Amino acid sequence: MTDQVTGAQALIRSLEAAGVDTVFGIPGGAILPAYDPLLDSAQVRHVLVRHEQGAGHAAEGYAQATGRVGVCMATSGPGATNLVTPIADAYMDSVPIVAITGQVPSGAIGTDAFQEADICGITMPITKHNFLVTNPDDIPRTLAEAFHIAATGRPGPVLVDIAKDALQASTTFSWPRELDLPGYRPTVRPHAKQVREAARLMVEARRPVLYVGGGVLKARAAAELRVLAELTGIPLVTTLMARGAFPDSHRQHLGMPGMHGSVAAVTALQKADLIISLGARFDDRVTGKLSTFAPEAKIVHADIDPAEIGKNRAADVPIVGDCREVVADLVVAVQAEHDAGRHGDYAAWWQTLDQWRGTYPLGYDVPPDGSLAPQYVIERLGRIAGPEAIYAAGVGQHQMWASQFISYEHPYTWLNSGGLGTMGYAVPAAMGAKVGRPDALVWAIDGDGCFQMTNQELVTCAINNIPIKVAVINNGSLGMVRQWQTLFYNERYSNTDLDTHRLPDFVKLAEAYGCAGLRCDSADAVDATIEKAMAIDDLPVVVDFVVHPDAMVWPMVPAGTSNDEIMAARGVRPDFGEDDDL
Ligand SMILES: Cc1ncc(C[n+]2csc(CCOP(=O)(O)OP(=O)(O)O)c2C)c(N)n1
């Protein structure tokens with residue numbers, strides 16, 4: 001199909017050909033030509049956000065909840081630079097998004113023209129790939145490549161910057177049948193010999209752990225993972241990016257590893273003799289002080305991105321490949337070991353692990369003054385909203401509690417900013433998730449600090465009939481930073497008091513945005529308040545949960561220290577004394 005169109009029309013047709021149903025964005029001069037044909041598209045819905053950062057996080061939330069590529073659009077200069085944070089966020093968390101930006105006319109590029117910013121240069125280190133398009137004939141092919149690159153291999157953000165004159169000029173539209181990307185061929189099929197070697201180590205090991213990362217979700221490998229886990233009987237941990245990849249209720253699940261992971265999960269990795277890493281990246285928040293991490297463990301490291309393997313920790317068995325294929329092949333290879341009479345014997349290991357998790361379960365103190373424990377609010381929310389709901393968190397204490405105290409049973413029900421740690425992620429990401437999964441109940445769990453960064457998108461939600469629910473865990477401060485000041489800066493609280501118990505009034509703010517606003521400050525009223533919020537389905541709802549300011553996230557491995565130093569609670573070092581021979 002080839003007929004005469006403008007570059008802008010070619011862009012919209014390309015989005016249609018790529019199967020896009022939603023674009024989050026804000027128009028402006030350089031991208032304006034694209035907004036005109038957008039009006040005529042019966043397929044592509046444009047959601048007009050209130051800040052481009054909201055568009056980017058919404059595209060991420062949409063992608064994380066649906067598995068499809070999320071799309072955001074902005075004008076040149078400040079519109080494009082406002083996308084930088086969500087693009088960096090998507091890069092760190094391997095989220096497939098395509099960001100389309102208008103650029104000043106090609107003849108003006110490099111002249112410091114009005115609203116000119118070299119967004120390709122700026123985003124070079126935070127995109128999987130980016131394109132500057134100055135020739136209208138290149139628009140369909142570039143868009144096809146952008147969607148392909150974003151979604152395949154290790155997913156990530158791709159930026160397409162299109163000069164205004166290329167959008168205005170005349171061209172023909174033809175959607176490429178095949179792509180010619182000679183330098184881009186992700187290795188999907190794992191090497192059979194490496195897989196067999198991994199299986200052999202798995203049955204020989206005495207203290208193995210499956211270290212499950214976000215790559216398992218990206219590869220849509222949760223079903224295969226469960227088969228592998230149950231076939232082997234090996235204990236398993238899910239990282240912050242992988243929560244939901246394996247049911248929390250499963251007895252082989254030890255919880256989340258890392259700085260605020262469970263004692264059992266952190267210590268299992270630390271004392272393991274074999275770690276099978278599946279789509280995880282030995283992030284510093286998981287390893288603690290790297291040189292002391294899991295000193296006795298052999299490492300099987302499977303990842304689609306060869307650059308991850310050996311980056312932080314040397315791998316004994318490197319496996320490059322798509323996690324779903326890797327896990328499926330491991331099932332076959334382990335079965336072959338079993339058929340040959342070789343089975344893993346992890347009975348002593350399980351005895352130790354059960355003792356650790358029995359002695360050091362996740363828990364929290366109820367504030368003695370009768371004020372509300374934030375962990376209780378989150379725990380009840382998880383129970384009442386249930387495991388079918390989608391939860392999107394901000395960054396800080398509430399994020400850790402939402403990871404710890406909600407039981408995730410299904411993949412793609414937990415969205416958060418793990419790698420970049422972006423305050424302001426929750427509300428727009430929840431909005432994007434609700435657009436992608438309109439039938440799902442979507443709760444944002446946000447901090448009072450985070451919420452003040454992007455809550456303007458509640459207007460977008462109210463106007464566009466996107467009824468998300470927001471639980472603001474209002475502790476009156478930048479809680480996670482305050483926790484570090486409590487523990488490491490002698491309780492000198494420099495610039496962490498937000499005074500949010502006074503201003504702004506989140507109930508009034510919600511109402512001003514066209515949402516329902518509720519407040520709750522006592523444990524007795526938590527269930528009824530959540531149920532009231534759940535009963536409102538025609539408006540976004542904000543609940544201001546006024547909680548105790550001094551609650552802390554435990555367990556904790558202080559930054560830069562060894563996982564051996566884990567504190568189960570303030571002043572409580574777990575006693576592994578009898579396990580010294582491990
Ligand atoms: C954009 C951004 N700025 C600063 C930080 C550093 N930071 C991490 S957590 C945090 C406090 C978050 O406060 P709040 O949203 O109230 O959540 P709480 O920790 O109280 O649950 C800050 C400032 C960040 N992660 N992101």
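Bear in mind these aren't lab numbers, they're just calculated from the coordinates by the rules spelled out. Fair warning: this is a prediction, and the values are worked out from it, not measured in the lab. Every residue, glycine as well, gets a Cβ built from its backbone with ideal geometry; the counts of neighbours run over all protein chains shown.
Listed highest first by mean packing, meaning other Cβ atoms within 10 Å per residue, what order do 160-173, 69-82 come in?
Those peptides, ordered most packed to least, come out 69-82, 160-173.
Mind checking the dipole of region 1-116: about its Cα centre, +1 per Lys or Arg Cβ, -1 per Asp or Glu Cβ, Debye to the nearest 20?
I would put it at about 140 debye.
Among Ile100, Leu32, Asn135, which residue has its Cα positioned farthest towards the positive end of the charge dipole of region 1-135, with +1 placed on the Cβ of Lys and Arg, -1 on the Cβ of Asp and Glu, and the dipole taken about the Cα centre?
The Cα lying farthest towards the positive end belongs to Ile100.
For region 158-207, count the residues as N, evaluate 2.2 N^0.38 Å, and divide the Cα radius of gyration by that value, please.
2.38
Longer than 21 Å from Cα to Cα, which of Lys218/Lys469; Lys128/Lys434; Lys193/Lys298; Lys469/Lys508 are they? Say none if no pair is.
Over 21 Å apart, Cα to Cα: Lys218/Lys469; Lys128/Lys434.
Once every DSSP H run of n ≥ 4 in the chain is given -39500 (n - 2.57) and the sum is divided by its residues, what mean residue ellipticity at 222 nm do you get, rounded to the nearest 500 deg cm²/dmol?
Calculated mean residue ellipticity at 222 nm is -10500 deg cm²/dmol.
Taking Lys289 as the anchor, which lysines have their alpha carbon closer than 17 Å to its alpha carbon, excluding any fewer than eight residues away along the same chain?
Lys271, Lys311
Report for the chain the percent antiparallel among DSSP-assigned beta bridges with both residues inside it, nearest 5.
10
Could you give the Stokes-Einstein D for region 299-451 in µm² per second, using the C-alpha Kirkwood radius, 25 °C, 0.890 mPa s?
The calculation lands on 129 µm²/s.
How high is the relative contact order of the chain, in percent, with contacts defined as C-alpha pairs under 8 Å that are six or more residues apart?
Relative contact order of the chain: 14 percent.
What does the convex hull of the alpha-carbon atoms of the chain project to on average, in nm²?
27.1
Restricting the calculation to Cα positions, tell me the Rg (one decimal) and the Dmax (whole number) of region 477-547 in Å.
Final numbers for Rg and Dmax: 15.4, 47 Å.
Would any residue of region 63-106 have its amide N under 16 Å from a label point 7 Å out along Cα→Cβ of Leu48? List them or say none.
73-75
Could you calculate the contour length gain from Arg342 to Thr359, that is, 0.36 nm times the residue separation minus the distance between their Cα atoms, to one decimal place in nm?
Length gained, Arg342 through Thr359: 2.9 nm.
Take the alpha carbon atoms of region 437-460, find their center, do the same for region 9-67, and report the distance between the two centers in whole angstrom.
20
Give me a comma-separated list of calculated 3J(HN,Hα) values for region 456-469, in order, Karplus coefficients 6.51, -1.76, 1.60 applied at θ = phi - 60°, integers in Hz, x for any Gly or Pro.
The phi angles translate into 4, 6, 5, 5, 4, 5, 5, 6, 9, 6, 10, x, 7, 10 Hz.
Would you work out which of Tyr412, Ala385, Asn495 lies farthest towards the positive end of the dipole of the chain, given +1 charges on the beta-carbon of Lys and Arg and -1 on that of Asp and Glu, about the Cα centre?
Final value for the positive-end residue is Tyr412.
Please name which of Trp554, Gln9, Pro504 has its Cα lying farthest along the dipole of the chain towards the positive end, using unit charges on Cβ (Lys, Arg +1; Asp, Glu -1) and the Cα centre as origin.
Highest projection toward the positive end goes to Gln9.
Let me know the charge dipole size of region 1-50 about its Cα centre in debye, to the nearest 20, where only the beta-carbon of Lys, Arg (+1) and Asp, Glu (-1) is charged.
200
Dipole magnitude of region 230-299 about its Cα centre, charges +1 at Lys/Arg Cβ and -1 at Asp/Glu Cβ only, in debye to the nearest 20?
Result for region 230-299 is approximately 100 debye, rounded to the nearest 20.
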